[in-house]
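To start, the structure itself, in structure tokens.
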Amino acid sequence: METFVQILVSGLTLGAMYAASTIGLSLVWGAMGVLNMAHGALLTIGGYASYSAVIHLGLPWYLGLPAAIIVSFIVGLLIYHIIFRFMYRHPAFETNVIIATVGLAIFLEQVTLLIYGAYPFLQPFSIEEGFFVSGVFIRFQNVVILVLAVVTMLLVAALLSRTRMGRAIRATALNREAAQLMGVNVGRVFAQVMGIAGVVAAISGVMLSSITTLAPTMGYDPMLKAFIICVIAGLGNVPGALIAAFVLGLFESVVQFAVGVRFGFPALLLLVIIALIWRPYGVFGRRQVRRV
Amino acid sequence: MFETGPNWRRDAAFGVVLIAVMIAIPFLGPSRYFIGQLTLFFIWATVVSQWNLVFGVAGIFSLAQMAIFAFGGFATGMMGLYLGISLWFALVLAGVGSILFSIIIGLACLRLRGPYVALLTLAIAQVMYLLIITDTACFYMEGVTCRNFTGGTRGLAKFGDFGFREMLGRREYLKGDYYLSLFLLVLATVFSFAIIRSPLGFAFRALRDNPEYGVSRGLNRFKYQLLVFAMSAFFTGLAGGVFAGHFRVIGANVLSLPLLLFLISMMVVGGLGRAWGPILGAALVMLADEGMKDFVEIRNMGYGALIVAIVVLLPQGAAGGLEQVWEWGRRQVLALWGGTGRLAARRGAAGEERRE
Amino acid sequence: MSEPLLEVDSLDAGYHGQRVLRDISFGVPDGGLITIIGPNGHGKTTLLRAVSGLIHPMAGEIRFDGKALGRARVDQIVARGIVHIPQGDMIFSEMTVRDNLLMGAYLPVPFRQADANLKEVYALLPRLEERESQVASTLSGGERRMLAIGRGMMTGGRILLIDEPSLGLAPIAIDTIYGLIQKLKEAGRTILLVEENASRVADLADRIYLLDHGEFVWQGTASELDLHEEIVETYLGA
């Protein structure tokens, strides 16, 4: 029973964080056809922004998250305005942008390293207290993470389905040219998408660093897992990505308990490779789920 | 846009001159450091030339290049260490092993659409990295020290080298590695030119520019991609083995992201899919690297910024830029000759429009 | 009708440096219905794409309401009131019928009148109201075409550019679509209509232009078209 509760808690926490990391990635792919290799760097920036707001600016700990959201939002917009804006009309955009964002990822990682060094700081946006369930200590932080992830997802879903901006994002994803003919300024939609991706990345960056530590490379690993989740769900498929995130989070924590921590990721990857040989377009993916 | 048939004389002449210069360099009494850096240049240029085939020509968004390189290096080292066989023999076996390794990756990835391939291959490399650096189990004992199967965080060592030390002596042995890696680069480059200029190269361009056309002509993209992926893995694996033998150590750091970026920047600077791109790109980036040696902290930052700048400002790469300058220069010269000049100018103009 | 609402003046346009259209000039008067007919692949769609800004002219000028469009972006051109209803199924297939229509009212001005416009569209096309919450990809071919036109109406634009509305539809669906276009004309909408075949449009059009190999080879009214049987035979094979 104790083991079960432990696995469940850690699996749900992992799943929530993966889900939050995945939404941004999936959204950016779906709307723009950009495989954003710098998504992990956005997570990292969010995590450190929260740290700086509390430690350097002296804000109360709970303002760390809003500060992170603002900073990552701005960085997301900047990425569009400095890089993507000049690229998206080029026919080889989908290839070139992968390379450009790999470069950007390293650049941002190095900037973080230069500013903060490699010392593993603790995330101040964190609650140490907790409670017991069947003899297992559960930090409030895990609950916060789960709630935050679910709320974020619901908000993004509502934004996409209910608002004028969300409709334009979906329309652009489905048919860029037709969206333009409705008067949509595709460049502005791309900027909005990068902004949203920044906000969501900040939330997952703060959550992630609150149960591990801050490090300039901390975004890389969750980004790879978010990639894997996208691959399973079919890129651009947000609801599928959420289901996959929780399933894989639970699967990983089972493997970690049963076989050993270091085999969590390899087992995930193996599962994904098998799944892909079975369904080359993703488990829930339809053929047209790409940038149509 | 691509150099084709008639340029092969130019390429061959250029290649022969380049090889002659490279063969001559060790006789001019350069420093050991210079020889070492050139050796490394040959190795990286080999890797990039093969990656360029996969990524730039065959259109496979593979980021597994360093995983294959690492496979070749570790396979060579492990066979040397655990089986006690000659590193030469181990190298050839590792090259063949790399083909098999890449076929497994290829079967899992190549039916997927482009970006999925990038995701999955990057994940494969990262899993290899994690498995190596978290390897703490004792595989054998060396006195009282515990040694891991993969070498763990310390890297795999003590598997020997290619025997140039005994053959050429302590002072000259580097030249053995130098010529070995030069030989490898020449082989790999000839192979990549052969692919780029062959009907297969044209077929890939046709597939990339117009997938429907390829399908209608009955071109089996998957089969050809797997073929190129496996063949290029052979040279990449060999490069990994030569790297391991040259440094007498191989570790998980060859799978690190900054190194991957370093090599991508070579490919991008050179120009994706261009025959001379890898050599030009590797040379330029390594020169830039020399220049940035005193600024270690901002070096990787520099690469990051460089890549972004090149992709945004010069999507054709340096080789593409040179090609344009070359065409422009030829047009200017031909224009002086009147009638033929107009024809050439029109051809050039048509070329420019296609680039858009 | 001294000054046409849309005026195309010596237009050259095409793709990748290849001219598809040469020296095209015509005007669409306010409230009029102008039709361009001609075989497929001879530049009809290219012409509409040039007007809506999806491609930029290589030479010549397009004026709307007396002002040149220049190199304005597509969304800016839409905002000025030019609505391009593209060929085939360019609807948002994974969105509901209602969301598709609301996308038509994306720009701020029509967005404020979205409810009223929606009522108007539903009144003309009750089938769309029945299928309001259905995903667009589940509609039949004729319904999709209705949706595309309805979505164009939602933009509240001053001129509709309609590209081959009958393409690939069954005869009954074509009747419905042309009934709709007739109603739009009667309601005073300005329309530039492109079709391969003259038979459907002849009765509606104020003026007909025949486009062949990127140039206008004939123009006139429907009654004049009847007098030129050799044109009908040569170009339209009817």
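The values are calculated or read from the model by the stated rules, or taken from the named source; none is laboratory data. None of these values were measured; they are calculated from a predicted model. Every residue, glycine as well, gets a Cβ built from its backbone with ideal geometry; the counts of neighbours run over all protein chains shown. Areas reflect the complete protein model, heavy atoms only, side chains present, ligands, DNA and RNA absent. Shrake-Rupley method; radii C 1.70, N 1.55, O 1.52, S 1.80 Å.
Just a few scattered comments:
Residues are listed down the side, and each one gets a yes or a no for (1) within 13 Å of chain B (Cβ to nearest Cβ); (2) at pLDDT 95 or above:
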site: A:Asn36; (1), (2): yes, no
site: A:His56; (1), (2): no, no
site: A:Ile69; (1), (2): no, yes
site: A:Ile74; (1), (2): no, yes
site: A:Phe84; (1), (2): yes, no
site: A:Ala92; (1), (2): yes, no
site: A:Thr101; (1), (2): yes, no
site: A:Ile106; (1), (2): yes, no
site: A:Glu109; (1), (2): yes, no
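- Hits in the stretch C:63-97 (condition: under 16 Å from the mean Cα position of the chain (by Cα) and assigned to a strand (DSSP E or B)): C:Phe64, C:Ile82, C:Val83, C:His84, C:Ile85
- With respect to the conditions (1) open to solvent by 20 Å² or more (accessible area, probe 1.4 Å); (2) touching a residue at least 12 places away in the same chain (Cβ under 8 Å), A:Tyr119 lacks only one, and its number is (2).
- Matching option when the condition is among the aliphatic types (A, V, I, L, M) and touching a Leu at 6+ places or on another chain (Cβ under 9 Å), among A:Ile211, A:Ile232: A:Ile232
- Options A:Ala215, A:Ala233, A:Ala241, A:Ala226; residue that is open to solvent by 10 Å² or more (accessible area, probe 1.4 Å), of a type outside the set (S, T, N, Q) and within 14 Å of chain B (Cβ to nearest Cβ): A:Ala215
- Residue identified as surrounded by fewer than 19 Cβ atoms within 10 Å (Cβ to Cβ), touching a residue at least 40 places away in the same chain (Cβ under 8 Å) and of a type outside the set (D, E, K, R) among A:Val150, A:Val156, A:Val143, A:Val102: A:Val150
- C:Ile149 more than 14 Å from chain A (Cβ to nearest Cβ), farther than 18 Å from C:Leu5 by Cβ and not acidic (Asp, Glu): no
- Leading residue by the ranking (nearest to the chain's Cα centre (by Cα)) among those in the stretch A:111-164 that are in a helix (DSSP H, G or I) and within 14 Å of chain B (Cβ to nearest Cβ): A:Thr112
So that you can scan it fast, the table gives a plain yes or no per residue for (1) closer than 20 Å to A:Ala226 by Cα; (2) surrounded by fewer than 21 Cβ atoms within 10 Å (Cβ to Cβ); (3) in contact with a helix residue (DSSP H, G or I) (Cβ under 6 Å, 6 or more places away or on another chain):
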position	(1), (2), (3)
B:Val96	no, yes, no
B:Ser102	no, no, yes
B:Leu120	yes, no, yes
B:Ala123	yes, no, yes
B:Asp135	no, yes, yes
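- For C:Gly60: the one exception among (1) more than 12 Å from C:Gly157 (Cβ to Cβ); (2) at the interface with chain A (Cβ under 9 Å from one of its Cβ atoms); (3) assigned to a strand (DSSP E or B): (2)
- When A:Tyr51 is tested against (1) within 17 Å of A:Thr112 (Cα to Cα); (2) within 14 Å of another protein chain (Cβ to nearest Cβ); (3) buried (at least 22 other Cβ atoms within 10 Å of the Cβ), only condition (2) is not met.
- Test result for B:Gly273, part of a loop (DSSP other than H, G, I, E, B) and within 11 Å of another protein chain (Cβ to nearest Cβ): yes
- Residues being open to solvent by 60 Å² or more (accessible area, probe 1.4 Å), within 14 Å of chain B (Cβ to nearest Cβ) and in contact (Cβ under 8 Å) with a residue 40 or more places away in the chain - total across the stretch C:7-29: 2
- The residues listed here are A:Val75, A:Val54, A:Val97, A:Val5; of these, the one that is touching a strand residue (DSSP E or B) at 6+ places or on another chain (Cβ under 9 Å) and part of a helix (DSSP H, G or I) is A:Val5.
- Of all residues in the stretch C:35-43, none satisfies being within 13 Å of chain A (Cβ to nearest Cβ) and open to solvent by 50 Å² or more (accessible area, probe 1.4 Å).
- Every residue from the stretch C:87-98 that is open to solvent by 20 Å² or more (accessible area, probe 1.4 Å) and modelled with pLDDT of 90 or more: C:Thr96, C:Arg98
- The single residue among C:Asp115, C:Asp99, C:Asp65 that is in contact with a Gly (Cβ under 9 Å, 6 or more places away or on another chain) and among the charged types (D, E, K, R) turns out to be C:Asp65.
- When the residues of the stretch C:99-118 are filtered to those that are buried (at least 17 other Cβ atoms within 10 Å of the Cβ) and part of a loop (DSSP other than H, G, I, E, B), the one that is farthest from the other protein chains (Cβ to nearest Cβ) is C:Ala105.
- Number of residues in the stretch A:261-279 that are within 9 Å of chain B (Cβ to nearest Cβ) and under 22 Å from A:Thr3 (Cβ atoms) equals 6.
- When the stretch C:142-175 is filtered for residues that are open to solvent by 40 Å² or more (accessible area, probe 1.4 Å) and over 24 Å from C:Asp115 (Cα atoms), the ones remaining, listed by number, are C:Leu167, C:Gly168, C:Ala170, C:Pro171, C:Ile172, C:Asp175.
- Residue within the stretch A:4-26 that is without any contact (Cβ under 8 Å) to a residue 12 or more places away in the chain, more than 27 Å from A:Gly166 (Cα to Cα) and of a type in the set (Gly, Ala, Ser) present: no
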